[in-house]
1. Going by what's in this entry, would residue A:140 be described as in contact (Cβ under 8 Å) with a residue 40 or more places away in the chain and either touching a Cys at 6+ places or on another chain (Cβ under 8 Å) or within 27 Å of residue A:300 (Cβ to Cβ) (or both)?
2. Enumerate the pairs (first residue in segment A:85-102 and within 14 Å of another protein chain (Cβ to nearest Cβ) and under 19 Å from residue A:6 (Cβ atoms); second residue anywhere and at pLDDT below 95 and within 16 Å of ligand 1 (Cβ to nearest atom)) with beta-carbon separation below 8 Å, excluding pairs fewer than 6 apart on the same chain, so at least 6 apart or on different chains.
3. For segment A:95-129, which residues satisfy the criterion of being among the β-branched types (Val, Ile, Thr), open to solvent by 10 Å² or more (accessible area, probe 1.4 Å), more than 11 Å from ligand 3 (Cβ to nearest atom) and farther than 20 Å from residue A:247 by Cα?
4. May I ask you to verify whether residue A:166 is more than 30 Å from residue A:316 (Cα to Cα), at pLDDT 95 or above and either assigned to a helix (DSSP H, G or I) or open to solvent by 50 Å² or more (accessible area, probe 1.4 Å) (or both)?
5. Return the residues of segment A:48-58 that are assigned to a loop (DSSP other than H, G, I, E, B) and either surrounded by fewer than 20 Cβ atoms within 10 Å (Cβ to Cβ) or in contact with a Leu (Cβ under 7 Å, 6 or more places away or on another chain) (or both); say none if nothing qualifies.
6. Could you tell me whether any residue of segment B:47-56 is more than 13 Å from chain A (Cβ to nearest Cβ) and on the phi > 0 side of the Ramachandran plot?
7. For segment B:12-88, give me every one of the strands (runs of 3 or more DSSP E) that falls completely inside it and has 2 or more residues that are closer than 23 Å to residue A:241 by Cα.
8. So is residue B:6 in contact (Cβ under 8 Å) with a residue 40 or more places away in the chain, open to solvent by 50 Å² or more (accessible area, probe 1.4 Å) and not hydroxyl-bearing (Ser, Thr, Tyr) or not?
Amino acid sequence: MKYSTFSLADNDQLKEPMFFGRPVNVARYDQQKYPIFEKLIEKQLSFFWRPEEVDVSQDRSDYRNLPEHEKHIFISNLKYQTLLDSIQGRSPNVAFLPLVSIPELETWIETWSFSETIHSRSYTHIIRNIVNDPAVVFDDIMRNQHIIERATDISKHYDDLIQYTLLYTKLGAGTHTVNGETHQVNLFELKRKLYLCMMSVNVLEAIRFYVSFACSFAFAERRLMEGNAKIIRLIARDEALHLTGTQHIINIMQEGKDDPEMAEVARSCREESIEIFRHAAQQEKEWAEYLFRDGSMIGLNKGILDQYIEYITNHRMDAVGLEPIFEKATQNPIPWINAWLVSDNVQVAPQEVEVSSYLVGQIDSEISADDLGDFEL
Amino acid sequence: MKKAIQVSTEELAFQLAPSETLLEGLERTGHQVEYQCRSGYCGSCRVTLHSGSVHYETTPLAHLNKNEILPCCCRPLEPIEVSIGLKVKAKKSA
Ligand code: FES
Ligand SMILES: [Fe+2]
Ligand SMILES: [Fe+2]
């Protein structure tokens, strides 16, 4: 397995596995091994939005009038979101692209990661508006112990995979000593690192982000920081698609559909996968402690956020075939969050906030055959 | 013509009106159901189908295991049985 930006093997792409086959050569979509990734790409493109189109000007005075402990909650939450998207805007590309073997998945990964860069740009848009000097907020991300702890944990699996891929592609299977360090390198272990990385990405997008969304929307529930909420709704819509993407990838791996060894890899990673979920939930609870250290806010406190963390962790574990770990957490303690998360807002318009999808002139890409029934060409 | 269809859950049975989605029906009757996109791509609403069958106008994007359905966008074709319970509050008042 040697990476090339244009593999010269005249291969049948339909026979390649998702990962660890031959590198992709022609970017063609006329034939697809997994059409789902092409559909995800189309959907993601139909969601395209630009942060600047969302008016966040009202947030400035809202923010100024927040009590200090709520300013801390709001800004810390935003810093955390900035960290998460900084990682997501690059890592899927760097870590997964060298391993991919089919064009529709390669392009999905690029499209996915690109949409994360829009999220990152939107944080600058928000922060620029509420504080005079954005550097005060951004600089602290690298200096704040509570955030850095999370960063290490989140990037760990990506970094592990990237390092191991380098060893494998450069030196191949075997025992290698590099700069005095000995590494056992083999393809099975590389597959395990990919699988665990995918799990940790799923946790990032399906749990960590949603915990942060809860905080953003708790302000909006009180009609505060509504510009921010509009942006977070657009981000949440994208994230829902991303986690569907990782769920598909994980599932294809678990079934060993295109690489039977992957099913074995998935089985061997089961306990570690559960640990990734458990650890992330624990870490999110510690984060909640930090957020609310100087006081709770109306509608949200450490206890409620902890319950939500457990509830959403169970829900997401179930989606990737793992037994839920928090027995009692069967009810959503903040059901109002769904009214904010709902993407097309067909039913409930929480208060007066404009529907974000109208705001950016989104084109409804889903026209069913019935809609066109009366059309004749 | 479409008719009302019987839906049985872990705790009750109700008639799903032709004009409502299964998700709306479950909400109306106080079930603890999740949702986000309400259009088949997020997978939040996913529940297990125990009997009966459903149909999708367009294939949803969300991942589904065997026996799982998406109440936001499926249409029951016959009486169905799904594994979902009531909200705690709804239980108390029921
Ligand atoms: S609510 Fe998103 S798939 Fe049903
Ligand atoms: Fe993101
Ligand atoms: Fe994402």
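1. For residue A:140, the condition - in contact (Cβ under 8 Å) with a residue 40 or more places away in the chain and either touching a Cys at 6+ places or on another chain (Cβ under 8 Å) or within 27 Å of residue A:300 (Cβ to Cβ) (or both) - is met.
2. Qualifying pairs under 8 Å: none.
3. A:124
4. Yes.
5. A:48, A:49, A:50, A:54, A:55, A:57, listed by residue number.
6. Yes - at least one qualifying residue is present in segment B:47-56.
7. In segment B:12-88, B:47-51, B:54-56, B:74-76 are the strands (runs of 3 or more DSSP E) which contain 2 or more residues that are closer than 23 Å to residue A:241 by Cα.
8. yes
The values are calculated or read from the model by the stated rules, or taken from the named source; none is laboratory data. Treat the numbers as computed from the prediction; the structure is a model and nothing was measured. As a convention, Cβ positions derive from the backbone with ideal geometry for all residues, glycine included, and neighbour counts pool all protein chains shown. Just so you know, the surface numbers come from the protein's heavy atoms only, side chains and all, with ligands and any DNA or RNA stripped out. Shrake-Rupley method; radii C 1.70, N 1.55, O 1.52, S 1.80 Å.
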